[in-house]
Amino acid sequence: MGQHIFDRFSPTIQQYVYQSGWTQLRAIQAAAADAIFHTDSHVLLSASTASGKTEAAFFPIITLMQEDPPRSIGCLYIAPLKALINDQFVRLNDICAESGIPVWHWHGDVSQTHKQKLMKRPSGILQITPESLEAMLLHRHGQIPHLFGDLRFVVIDEIHSFLRGDRGGQTLCLIERLCRMAGVQPRRIGLSATIGDTQMVGRFLSANTGRSTVIPRIQSTGTRWRISMQHFFNNGPQADELLPDGSASPVPGAPSPAATEAATDTAPAAADPGLGYIFEHTRGHKCLVFSNSREECEAVTSTLRQYCESQHEPDRFLIHHGNLSVSYRLTAEDVMRQDDSLVTICTTSTLELGIDIGRLERAFQIDAPFTVSSFLQRMGRTGRRGAPSEMWFVIREDPAEARALLPETIPWKLLQGIALIQLYIEEKWVEPPRAGRLPYSLLYHQTMATLASGGEMTPAELASRILTLSYFEHVTQDDFRLLLRHLLQIDHVQLTERGGLIVGLAGERVVNNFKFYAVFQENEEYSVRCESEELGTIVKPPPVRDKIAIAGRVWVVEEVDRNRHVVYCHPVKGIVPAYFGEEPGDLHTKILERMRLLLGQTDTYPYLLSHAAARLSQARNAAVQSGIGREWLLPLGGKMFCLVPWLGSYAFLALERFLRIHCGPRLNLKGFDSKRPYYMQFTMDATPDEFFEILSDAIAQPIDPMTLLYPEEAPLFDKYDDILPVELTRRGFAHGVLDVEGMVRRVKEMVKTPHPRS
């Protein structure tokens, strides 16, 4: 099929292939071209990072556009990050250089001159973020038919990143709204390296179009990985020094420290063990260090820079996260693209996706990421151009105090990291899209966006435009009626003399704010400046003369302008905690269940280094002695107990509420303390037998999710929940956020399990 497909490409694409030095097409490229050339279906391309998915999609698209030039923009490319668009803009321009097809990009950092040229002569390929597309539909509503009247393709890059929240729903709504305005039915092409349930994603891609999705089956050629996982106590002896026999080789078959590459540097004597390990193994290499939060990223960067200073070395650490200014992020990306650059970027998920920053040698992951998808994306940033992908996990833990209770002695992050790796190795499992949500916050957003762009319309017309969008299939007309009545009451929507609806005065303040374009939750942010230099943003600025951490350094606050939301500062030495707002993790139940299985097994894993293997051995010994992993409820002494349900974040949250609301009064629960989603501790006036009997009685009745809310509670989970009528906020959380089904299944399993300690 490869030669046949190659012959089908246009001469300019064939020439590009020759000039690139390729001797044959990759399997994904041949399969994608076959689907795009020979069917009229949507196409989902799922293949590993650096497998050539971009070329796979665009070679046939460009060929078709050359053969029959569209009269408007012919292909819309939607990506989750501006940086990814900038990167792909250069890449697509290279492919299209001789094709006569222009490539445009459109986001907040693109010049008005570039945008005006597109408006005058809409053509070729347009690259855009969902937020910029929302702004375009809002402010250039009348020009949409001119811009997209002959749109043939919509390419959604990194589609997995759109599947677990309102941003994906917004993207789907935007595509459907644009197609209605322009009167087109383009084919949709989804690209991702990390999709588990391809059929479910295929249904997401084809929603409301009447077309099916072709998912080419690509024969995997096998992926080479180099993974290591090391564990560090933040102080005191390490795990393999704590074994009863004092030996340094904890488990038969586990590699010794000599199995790792020799250090290329020496950390200061008093260095944090885990960060010292990273410091010692990054010198002379081009690396990424992933953290799970912006706060941790700042702390890690500051510490590593201090080690450079202490060792009288040049600073070799850069920083990259979402709260940094554009100049800081672009500087880090530009430095890393240089082939001779041997620096390390400390980052969060902002460099998780496919931005080209040159050939990276290795990635470090501090603790475990929250999803298999993130693990695969981060691993895939390395090992390009024939080298194996390489990731070094660095699990850090404070040693448990002598009087610590049992659950505090379990290395949860270590178990989580091993579980993520094993789930993919054993089952090729990746988190599926979240299903069954009631996206009322997005319903408000799309209602206001539709009214603001389309002008006055009757309630019936507005309802027909909104409720026919595929993402709102579970929203009823009664729900929408309730929302509109509420918005009229609070002046977000106004009724005209003719009985039509328009945006009200209060609604205009929301819609006219640039933050309206995004549906993801944002904290109230303050810009941080040092003289003319823009450093980034923070939340909750401290008092004047206090210190803040941003851009991998420490600054003293000189002035806080609360009207303009600006913090002025100057640099100083030292380390202080940073705060950028909450970044909750979302663990899937399957990961917790694999963690449970780990405790009961004796398997060894070749990627575990000495400290990590010893720490796993200690955890398994503790599990044998305590029953954790075999039993659900563990006595901690007196009336205190620990419940370990092995449930994902939202099922765990539902269980907390079920225990407190449905069982709490009979158990007399007190001192309830959760380490979500690992375990919960409490005291109760009941024996274990009585506990499970009360659980059995409560779960035997049908559980209405609304009963898991506290009186008068209106949980704010999504961006516009605080604007919704309280009834919708409560229902959206109870039915769309809490995983009640998963919780019920687990409780029924608990009450059927024999309880030997009883």
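Key figures
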| read-out | value |
| --- | --- |
| For Leu598: the one exception among (1) open to solvent by less than 10 Å² (accessible area, probe 1.4 Å); (2) out of contact with any Lys or Arg (no Cβ under 9 Å at 6 or more places or on another chain) | (2) |
| Of residues in region 483-538 being of a type in the set (Lys, Arg) and farther than 26 Å from Ser327 by Cα, the one most open to solvent (accessible area, probe 1.4 Å) | Arg498 |
| Region 142-152, subset open to solvent by 10 Å² or more (accessible area, probe 1.4 Å) and outside any loop (DSSP other than H, G, I, E, B), residue modelled with the lowest pLDDT | Gly142 |
| Among the residues listed as Ala50, Ala33, the single one being among the aliphatic types (A, V, I, L, M), modelled with pLDDT under 85 and either closer than 29 Å to Gln199 by Cα or in contact with a Gly (Cβ under 7 Å, 6 or more places away or on another chain) (or both) | Ala50 |
| Residue within region 325-346 that is under 27 Å from Phe233 (Cβ atoms) and among the basic types (Lys, Arg) present | no |
| Test result for Arg217, charged (D, E, K, R), surrounded by fewer than 18 Cβ atoms within 10 Å (Cβ to Cβ) and at pLDDT 90 or above | no |
| Scope region 437-484; condition assigned to a loop (DSSP other than H, G, I, E, B) and touching a helix residue (DSSP H, G or I) at 6+ places or on another chain (Cβ under 7 Å); matching residues | Arg437, Leu438, Pro439, Leu469, Val475 |
| Odd one out for Asp272 among (1) over 23 Å from Ala368 (Cβ atoms); (2) open to solvent by 20 Å² or more (accessible area, probe 1.4 Å); (3) not aliphatic (A, V, I, L, M) | (1) |
| Whichever residue in region 292-332 is of a type in the set (Phe, Trp, Tyr) and more than 15 Å from Leu342 (Cα to Cα) and, among such residues, is most open to solvent (accessible area, probe 1.4 Å) | Tyr328 |
| Phe691 being modelled with pLDDT of 95 or more, assigned to a helix (DSSP H, G or I) and either in contact with a Cys (Cβ under 9 Å, 6 or more places away or on another chain) or surrounded by 15 or more Cβ atoms within 10 Å (Cβ to Cβ) (or both) | yes |
| Selected residue (criterion: most open to solvent (accessible area, probe 1.4 Å)) from residues of region 561-576 that are at pLDDT below 85 and of a type in the set (Val, Ile, Thr) | Ile575 |
| Those residues of region 632-665 which are more than 20 Å from Pro705 (Cα to Cα) and open to solvent by 20 Å² or more (accessible area, probe 1.4 Å), in sequence order | Pro635, Leu636, Gly637, Gly638, Lys639, Met640 |
| Residue match in region 177-184 (condition: under 24 Å from Lys719 (Cα atoms) and open to solvent by 10 Å² or more (accessible area, probe 1.4 Å)) | yes |
| Elements of type helices (runs of 4 or more DSSP H) in region 16-130, at least 2 residues being β-branched (Val, Ile, Thr) and surrounded by 14 or more Cβ atoms within 10 Å (Cβ to Cβ) | 27-38, 53-67, 82-96 |
| Looking only at region 673-685, and only at residues there that are touching a strand residue (DSSP E or B) at 6+ places or on another chain (Cβ under 7 Å) and closer than 23 Å to Glu593 by Cα, the one that is most open to solvent (accessible area, probe 1.4 Å) | Asp673 |
| Lone unmet requirement of (1) under 30 Å from Lys590 (Cα atoms); (2) touching a Gly at 6+ places or on another chain (Cβ under 6 Å); (3) open to solvent by less than 30 Å² (accessible area, probe 1.4 Å) for Tyr471 | (3) |
| Test: residue in region 511-533 that is over 30 Å from Arg485 (Cβ atoms), modelled with pLDDT of 80 or more and in contact with a Lys or Arg (Cβ under 7 Å, 6 or more places away or on another chain) | no |
| Inter-residue pairs, beta-carbon under 6 Å, first in a loop (DSSP other than H, G, I, E, B) and in region 393-416, second among the hydrophobic types (A, V, I, L, M, F, W, C), 6+ apart | Pro399/Phe233; Leu405/Leu636; Ile410/Ala619; Pro411/Ala619 |
| So Thr54, is it within 30 Å of Arg224 (Cα to Cα), polar (S, T, N, Q) and in contact with a Lys or Arg (Cβ under 9 Å, 6 or more places away or on another chain) | yes |
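Residues are listed down the side, and each one gets a yes or a no for (1) in contact (Cβ under 8 Å) with a residue 60 or more places away in the chain; (2) part of a helix (DSSP H, G or I):
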position: Leu488; (1), (2): no, yes
position: Gln494; (1), (2): no, no
position: Ile502; (1), (2): no, no
position: Arg509; (1), (2): no, yes
position: Lys515; (1), (2): no, yes
position: Phe520; (1), (2): yes, no
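Residue-wise test of (1) out of contact with any Gly (no Cβ under 7 Å at 6 or more places or on another chain); (2) open to solvent by less than 10 Å² (accessible area, probe 1.4 Å); (3) on the phi < 0 side of the Ramachandran plot.
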position: Phe375; (1), (2), (3): yes, yes, yes
position: Arg378; (1), (2), (3): yes, no, yes
position: Met391; (1), (2), (3): yes, yes, yes
position: Pro399; (1), (2), (3): no, no, yes
position: Leu406; (1), (2), (3): yes, no, yes
position: Lys413; (1), (2), (3): yes, no, yes
position: Leu420; (1), (2), (3): yes, yes, yes
position: Lys428; (1), (2), (3): yes, no, no
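Condition check ((1) of a type in the set (Lys, Arg); (2) out of contact with any Ser or Thr (no Cβ under 8 Å at 6 or more places or on another chain)) across all residues:
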| position | (1), (2) |
| --- | --- |
| Asn93 | no, yes |
| Pro102 | no, no |
| Gly108 | no, no |
| Ser111 | no, yes |
| Leu138 | no, no |
| Gln143 | no, yes |
| Arg152 | yes, yes |
| Leu163 | no, yes |
| Gln170 | no, yes |
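The values are calculated or read from the model by the stated rules, or taken from the named source; none is laboratory data. All values reported here derive from a predicted model rather than from experimental measurement. Cβ atoms come from the backbone with ideal geometry, glycine included; neighbour counts cover every protein chain shown. Ligands, DNA and RNA are excluded from the accessible area calculation, which covers all protein heavy atoms including side chains. Shrake-Rupley method; radii C 1.70, N 1.55, O 1.52, S 1.80 Å.
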